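Report on the structure given below.
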Amino acid sequence: MLTTDAVVPDSAHFAPAQPSARERLVRALTPNCDRRRQPRVAAPYLLRMTPLEDLGRGRPGTPAGPPQTVVGKDLSERGFCFYHEQPLPFRYVRVAIEDPQIGCFELDIQLNRTLFSKLGWYESAGRVLEVRG
């Protein structure tokens, strides 16, 4: 005769398994919330970045210094992010992408954030104001 009053012995209760190292790494690298409004595409290119004068009212002007080489991170419809070795003392930059597969483009960017990474590089991001190419 079967009964439904069976008692489960204490040895049948198991603690949940600890996450593996891989699961902990993926969890640590995955942001809890993604505030991005636009999808991003990787842009791992060496780029020529030229500082631009600030004409005020959100308008970039003429080149304000010599170009520097920076490394692209990602691009969206409205924004661009890149890495550089020194702090940038200006708000507007022109980034030139020259690649035989994708062509030549120039982006005027209004920088709105810069972070210092633990690896000794700076990461700057901003809004794309104009694209030529």
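The values are calculated or read from the model by the stated rules, or taken from the named source; none is laboratory data. Computed from a predicted model, the values in this text were never measured in an experiment. Cβ sites come from the backbone with ideal geometry, for glycine too, and all protein chains shown count toward neighbours.
Some notes on this structure:
- Of the strands (runs of 3 or more DSSP E) contained entirely in the range 48-133, those carrying at least 2 residues that are loosely packed, with under 15 Cβ neighbours inside 10 Å fall at 60-63, 92-99, 103-116, 122-132.
- Complete set of residues in the range 29-56 that are at pLDDT 85 or above and either under 17 Å from LEU129 (Cα atoms) or among the charged types (D, E, K, R) (or both): ARG48, MET49, THR50, PRO51, LEU52, GLU53, ASP54, LEU55, GLY56
- Pairs with Cβ under 8 Å, 6+ apart, first in the range 69-94 and among the polar types (S, T, N, Q), second assigned to a strand (DSSP E or B): THR69/LEU46; THR69/LEU47; THR69/ARG48; THR69/MET49; SER76/VAL41; GLN86/GLN68; GLN86/TYR122
- Among the residues listed as VAL70, VAL8, the single one being at pLDDT below 75 and β-branched (Val, Ile, Thr): VAL8
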